[in-house]
1. Report, as an integer, the average count of C-beta atoms from other chains found within 10 Å of each Cβ along B:29-37.
2. Treat segment B:25-153 as a sphere of radius equal to its Kirkwood radius over Cα pairs and apply Stokes-Einstein at 4 °C in a medium of 1.567 mPa s; give the translational diffusion coefficient in µm²/s, rounded to a whole number.
3. Counting helices only, and only those DSSP H runs with n ≥ 4, report the 222 nm mean residue ellipticity of chain B as the sum of -39,500 (n - 2.57) divided by its residues, in deg cm²/dmol to the nearest 500.
4. If you project the alpha carbons of segment A:337-498 onto their three principal axes, what span does each projection cover, largest first, in Å?
5. I'm a student and want to see the number: the projected area of the Cα convex hull of segment B:103-253, averaged over all directions, in nm².
6. Quick one: Karplus J couplings for segment A:409-425, per residue in order, coefficients 6.51, -1.76, 1.60, θ = phi - 60°, nearest Hz, x for Gly and Pro?
7. With 10 Å bins from zero, work out the P(r) of segment A:2-87 over every alpha carbon pair and list the percent per bin.
8. Which whole-Hz ³J(HN,Hα) couplings does segment B:72-79 yield from phi under the Karplus relation 6.51 cos²θ - 1.76 cosθ + 1.60, θ = phi - 60°, glycine and proline marked x?
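Please treat every number below as a calculation from the coordinates, not as lab data. As the structure is a prediction and not an experimental result, all values here were calculated from the model. Cβ placement follows ideal geometry from the backbone for every residue including glycine, while neighbour counts extend to all protein chains displayed.
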Amino acid sequence: MLYTIIKENTYKDSIVLMLLSNKLSAIDGVNKVSIMMGTPANKDIFKSSGLGTDELEKAKPNDIVIVVDTDQEEKVAEVKEEVEVALKGESDSQDTSKGQEAHNWKRAMELANNPNLALISIPGQYAAMEAENALNEGLHVFMFSDNVSKEDEVKLKQKAHEKGLLVMGPDCGTALIHGVPLAFTNNVNEGDIGIVGASGTGIQEVTTIIDRYGKGVTNALGTGGRDLSTEVGAITMLDSIKALNQDPKVKVITVISKPPAEEVQRKVLNVLRNIDKPVVTLFLGDKPSYQEENIYHAYTLEEAAVVAVQLSNGDKPNFEPTTVRNVNVLLKDSQVGIKGYYSGGTLATEAAMLVKDAFKDEISEEKKDGYILKTKNHEIIDLGDDVYTQGKPHPMIDPENRIEMIEKSVNDPKTAVIMIDNVIGNGGHEDMASELAPTIKRILNSARQEGRELAVLATVVGTAQDIQGYDKQIDTLKESGAIICKTNDQMVRTAIQLVGGKVEQPILDVQKFEYTQEDLVVDEKIMSFINMKPSVINIGLKSFTEAVQNSGSECVQFNWRPIAGGDEKLMKVLQFLNYYEGGTI
Amino acid sequence: MILQASAIGSIALQLLKEEKTFTVHSMFEKGLNIVDRNGELIFVGTNENGTFPFGILLDPQTKQTVKTNIRVGDTLIFRNNRLFHNRFEMVFNVNILPLYMDFEHANINKLIENFKYISFTSYESTDFEPARVLSLINKLHDPTQNLDEVFRYFIGRGQGLTPTGDDILVGILYGHFLNNFIEFKHLETLRALIKEPLTTIVSQRFLTCAIDGVFSSKITALQHDPSLESMENLIEVGSSSGMDTLYGIYLSLTKE
């Protein structure tokens, strides 16, 4: 029996039609199949090859015509399905890479459609090698993996820079490339603010605040925490800044980092002083001591975000810190301690900075492993620190450690305020608020039974577009009795106020600096990278592939296994031989 | 969102008239086609398959942006030298792609010599076996022939978006411009036939241009550089289009 399928006014690249033709011919029970445009000459071919049908006559030159010869009618459904799969969507190869997995570089490169980014999350000792492979294949690199040596980082970044490529990381948790979130990233609106940051949750806090102010981000480029060290010399940061400067879509550039090595900070500032676009910098931990005509030096993450929004709106920078008003908590005089249990490292750092600033006269800091800040009364802990994640998932995914800490803090009668962050978005727990809520309720109750009150402050880092639902997370936490703060800045200032302190915002003069001319040109490959959705080869965690695909970008999963039985030395020899350029093949 | 075209072909430029509307006709990996009310087609996309006189050239990232923001059937309006879509506008302060009609510069002997290195045996015992194509070519310089039926055989026949027969015809026409042999009468017959619904709109566009001596850059490259490399670049176009075109050129230049 002959069956005719006509797809009116459908155009596909010839290659798609050929592949489809091969696929259909291979179906068991299909005797013969032909796919052609429905031109008069082709109708003749159908007829002369025994595939002429009455329906065929209806086809027009711009229709795709498929005639199938099969004795099993049920095969027609299968054919139709294959046809739909091949012809659906307006972009042909968009879906072809979906669902395909590779086990080596060659296959991955074949399966991917013009790949330009490798996302690497395999164990640290192997990550550098695969990053080098990726660079050799001409791909930009996003390294989620940590435990990569600094020497390797320097080597990789230098190589990338020479090739006009970008290495984000190692230990890079966050990036938004042309609207595509990588690893732990929020779904943020597109806009005209370009961000480059050496800190994951720092980028998350700033981008989500920008989003909630109704503005958006072109790109958020993560550099990894060590990029601004003396050895690495901010290679990725500098290339990223130049790229954001060249990108006409970027109106405001925002730079986020912990305080860098002094000479590196000088280098970064010198490049920024060459730039005409307004710039916001945040070297978190440093209290700015001056402002510049074109560079706004922020003190906190919220300030950086708010000023970036103001500059993007063409307004003058004007940041007023806030605290939550009308907090109905009666604290005893003996309750003076602030406890911060963070899942976001940069948020914890910010909290420690503000608490230290507020109580600088009365604080003597105790250096203790696992604490960002530990004084007689206060403690700030980053539960994402290696000390707490040995053999355990990150606190953004697993609430267990945090619950334990919160429970314990109630035993300390000095505790007045407990601060909690809830970082949602891609990669995060699907409903962290519901995990924490029962504990919050319980400790508030048990304190009350002991005749005290407690303030549990919480902030949600996220946007309305995040899958967990920003409002839902807030509602759940609120219901448990937590006081919701809009930002980490507001949360920490509220906590400080509750125990009788205050952080002064710096009021600063505008200073002028000499600077040396910098070449602001950046490789075309980096420009093209930040200007389109990346086509990704994901080496490692499979969930990253799904996240990339869900945002409408292409991603090929590379199921990596160590070669040479995981023998590092042998792997390195093979690596060398594979890319040895002196010999012949 | 403001997007910038990289270059524009002269025919596309003529079609972009104030207040004229275009419809997105089809989308491909390398770009998309838009058509005006008269069915005149402009290709908007990258130069991976060469540049076209009826093309608007975009860099890969702009092409990607356009493709993610546009759907088949969308309307575009040309106004104040800009092409407007409800999600972007495209500006055209760009170079006009040169039209290479300097066919006299072609080194035909060199081309013929290099054809020796390319195998066309795959066309034997197909609908376009050499004897059949050569028979057409021989009739093309005979003014007494009526070629209506023969052209109808070729036009729109074969695989692909630009069916093989059409690509071969484009190749033969290029051979004609390098080394005049087709009678005017037959060109007019072909011109009339192409207006009929005998082939795809993309093919119609290529053929109408070819009759006027206007070809894509991957083809005109041959008249500036008759090397094997130029031929191989042409072969890479489409799944077989480039090869089919080259086959037409080959037979029309080696016919004697």
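1. 2
2. Answer, rounded: 69 µm²/s.
3. Calculated from helices alone, the mean residue ellipticity at 222 nm is -12500 deg cm²/dmol.
4. 43, 35, 29
5. 7.8
6. Each residue of segment A:409-425 in turn: 5, 5, 5, 7, x, 6, 4, 10, 10, 10, 10, 9, 9, 10, 8, 9, x Hz.
7. Calculated P(r), rounded to whole percents: 19, 56, 25, 0.
8. Once θ is set to phi - 60°, the couplings for segment B:72-79 become 4, x, 5, 9, 10, 10, 9, 8 Hz.
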